[in-house]
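Peer 1: Handing you a structure now.
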Amino acid sequence: MSYNLAILYVVMNRLKVSLLIFAGLWQHCYAQDISQSSPAKPILHWLEPDYPPAFFVRKGVSHQGFAQKAKQNFIVSLANYQHVTLTVNNNRLKKYLTDKRGIYCIAQAGISRNEIPFVQYSNVANIVPAAGIVVRDEDKDLFIETYGTSFANMIKDTRLKIGNVSEGFYGASINQLLQSYRQRDHVITRHSSTNSSAFYKMLGHKRLDYFLDYAFSYQFNKAQAQQYSLSFLALREQSVAKKAYAVCNDSPFSKSIIERINKVMSSDQYRRQQLQGVLEYTPDSLKDTFSILSQQIGR
């Protein structure tokens, strides 16, 4: 009997020691896990349309557009967020910016203030030459002399086919006129993409008579479509330049994000980088006037 009790005593002591060791190890591991973990960072989704040379989003393109360079500057000052990029067309862009779930921003967009309600706008993030039209060289006199470079005169002529991108940010007066003629057969609208490169081919092959685009996009695409003789014309309804803003949806984080973006944009380095990026793709005919106006960046 005493022998069995002795064995039981030994077993119980060993079990006690094992439990103490296990408890110690568990406590150590738990404490280490707690010390190494940290609260998950909020996810900031950056919206990018396919619109070179502001945004290059297609696979195999290694360089960044001038708006993407601005985004990288912003990201440095937003280290307490996870950063995810989403490629969008303009319809999805507006959908995300009006969504109150999640955090969505675009580094630069030619969206007029109050054009999209209930969003957060930064100070001026960039200034670019205003949207105009692209035409064949052989038709320049028609648009200058007959229509006086007035978009209102052009679009009401249903004999001329015009190309545009759905929900394009061409400027308030242009967008209003487009909306009035949106359902007409002579208005050709691209819905799936913001990239205007297809319009250059359509114009060259005379499937369009003109289309809306920004001057920096024209300058970039002209180099890719040298087989066509095309020109960019400013429109009478437009001012010389268009202001672009960083824009975020109305989330609990957006006000703080915009404040940090504004701080980044106030630096001379940021202004020089953006001016250089836009001037690289500004037609020579617009450079002098635009250079003066571009000094307003960040004001």
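Peer 1: Which of the residues that make up segment 169-201 are basic (Lys, Arg) and over 24 Å from Ser231 (Cα atoms)?
Peer 2: Quick first cut of segment 169-201, residues basic (Lys, Arg) only: 182, 184, 190, 201.
Selection gives Arg182, Arg184.
Table: residues versus (1) modelled with pLDDT under 95; (2) under 25 Å from Gln68 (Cα atoms); (3) in contact with a Ser or Thr (Cβ under 6 Å, 6 or more places away or on another chain); (4) not in a strand (DSSP E or B).
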{"position": "Ser193", "(1), (2), (3), (4)": "yes, yes, no, yes"}
{"position": "Lys206", "(1), (2), (3), (4)": "no, no, no, yes"}
{"position": "Ser239", "(1), (2), (3), (4)": "yes, no, no, yes"}
{"position": "Tyr245", "(1), (2), (3), (4)": "no, yes, yes, no"}
{"position": "Ser251", "(1), (2), (3), (4)": "no, yes, no, yes"}
{"position": "Ile261", "(1), (2), (3), (4)": "no, yes, yes, yes"}
{"position": "Gln273", "(1), (2), (3), (4)": "yes, yes, no, yes"}
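Peer 1: How many of the residues making up segment 51-74 are under 13 Å from the mean Cα position of the chain (by Cα) and among the charged types (D, E, K, R)?
Peer 2: Result for segment 51-74: 2.
Peer 1: Only one of Tyr81, Tyr96 is in contact with a Pro (Cβ under 8 Å, 6 or more places away or on another chain) and either modelled with pLDDT of 95 or more or crowded, with 20+ Cβ neighbours inside 10 Å (or both). Can you tell me which? Break it down stepwise before answering.
Peer 2: Values: Tyr96 fails: in contact with a Pro (Cβ under 8 Å, 6 or more places away or on another chain).
On inspection, the qualifying residue turns out to be Tyr81.
Peer 1: Given (1) among the aliphatic types (A, V, I, L, M); (2) crowded, with 20+ Cβ neighbours inside 10 Å; (3) closer than 20 Å to Tyr170 by Cα, identify the lone condition not met by Ile188.
Peer 2: Exception for Ile188: condition (2).
Peer 1: Looking only at segment 116-168, which residues are part of a loop (DSSP other than H, G, I, E, B), under 26 Å from Val247 (Cα atoms) and either at pLDDT below 95 or of a type in the set (Lys, Arg) (or both)?
Peer 2: Quick first cut of segment 116-168, residues part of a loop (DSSP other than H, G, I, E, B) only: 116-118, 130-131, 147-150, 156-161, 166-168.
Now drop any that are not under 26 Å from Val247 (Cα atoms), which leaves 116-118, 130-131, 166-168.
Within segment 116-168, Ile116, Pro117, Phe118, Ala130, Ser166, Glu167, Gly168 meet the criteria.
Peer 1: If I ask for residues that are buried (at least 16 other Cβ atoms within 10 Å of the Cβ) and part of a helix (DSSP H, G or I), which ones from segment 56-74 would you list?
Peer 2: Phe66, Ala67, Gln68, Lys69, Ala70, Lys71, Asn73, Phe74
Peer 1: Filter segment 169-189 down to the residues that are in contact with a Lys or Arg (Cβ under 8 Å, 6 or more places away or on another chain) and in a loop (DSSP other than H, G, I, E, B), then identify the one that is nearest to Leu203 (Cα to Cα).
Peer 2: His186
Peer 1: So which residues in segment 42-55 are of a type outside the set (Phe, Trp, Tyr), buried (at least 17 other Cβ atoms within 10 Å of the Cβ) and assigned to a strand (DSSP E or B), if there are any at all? I'd like the intermediate steps shown before the answer.
Peer 2: So in segment 42-55, the residues of a type outside the set (Phe, Trp, Tyr) come out as 42-45, 47-50, 52-54.
Pick out the ones that are also buried (at least 17 other Cβ atoms within 10 Å of the Cβ) and you get 44-45, 47-50, 52-54.
Once the filter is applied, which keeps residues that are of a type outside the set (Phe, Trp, Tyr), buried (at least 17 other Cβ atoms within 10 Å of the Cβ) and assigned to a strand (DSSP E or B), segment 42-55 yields Leu44, His45, Leu47, Glu48, Pro49.
The values are calculated or read from the model by the stated rules, or taken from the named source; none is laboratory data. In this text the structure is predicted, and so the values were computed from the model without any measurement. Every residue, glycine among them, receives a Cβ derived from its backbone with ideal geometry; neighbour counts consider all protein chains shown.
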